[in-house]
Amino acid sequence: MVVRLVYVILGLLCLAIGAVGLGLPGLPGTPFLLVAAWLFSMSNDRLHRWMLANRWFGQVLSDYSAGLGIPRRIKAVAVGSVIVVVTGSVMYSVTDWWARTALVSLAIVGIVFILTRPTREDVLAA
């Protein structure tokens, strides 16, 4: 019972961050939504069904969990957003070399993660 409650709380936190990330460039929304869906699948069936039926991100989550991958357009927007935000941060906000290195390194990891996920159009064409 306690574990399920912790999963629901963490799921709600991930859902909130993911929802903000859908509209805020630089903050990845999809990974947080995927984690939230997984947490809800382990703890609260009603919230899990709600996420999969949601009109803004339900189709993407359903496709991803079915092994269909991420749509090419979403990948392009995500990678483009990361590049723009990180470049702007490194050029105008972050002054310490170690922070710049960390920021660029995290951006590279995020971009590699996004690009190595299956692409929906390619999976459907195969």
Please pick out the residue among Ala107, Ala126, Ala102 that is out of contact with any Lys or Arg (no Cβ under 7 Å at 6 or more places or on another chain) and open to solvent by 80 Å² or more (accessible area, probe 1.4 Å). Ala126
Going through segment 64-94 in order, the residues found to be loosely packed, with under 12 Cβ neighbours inside 10 Å and either assigned to a loop (DSSP other than H, G, I, E, B) or among the polar types (S, T, N, Q) (or both) are Ala66, Gly67, Ser93
So which residues in segment 77-126 are within 23 Å of Leu61 (Cα to Cα) and β-branched (Val, Ile, Thr)? Val77, Val79, Val82, Val109, Ile111, Val112, Ile114, Thr116, Thr119, Val123
Can you list the helices (runs of 4 or more DSSP H) lying wholly within segment 1-54 that have 1 or more residues being of a type in the set (Val, Ile, Thr), modelled with pLDDT under 90 and open to solvent by 70 Å² or more (accessible area, probe 1.4 Å)? 2-23
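The values are calculated or read from the model by the stated rules, or taken from the named source; none is laboratory data. The shown structure was predicted, so the numbers you read here are calculated from the model rather than taken from an experiment. Counting neighbours? That spans all protein chains shown, and the Cβs are built from the backbone with ideal geometry, glycine included. With ligands, DNA and RNA removed, areas are computed over all heavy atoms of the protein, side chains included. Shrake-Rupley method; radii C 1.70, N 1.55, O 1.52, S 1.80 Å.
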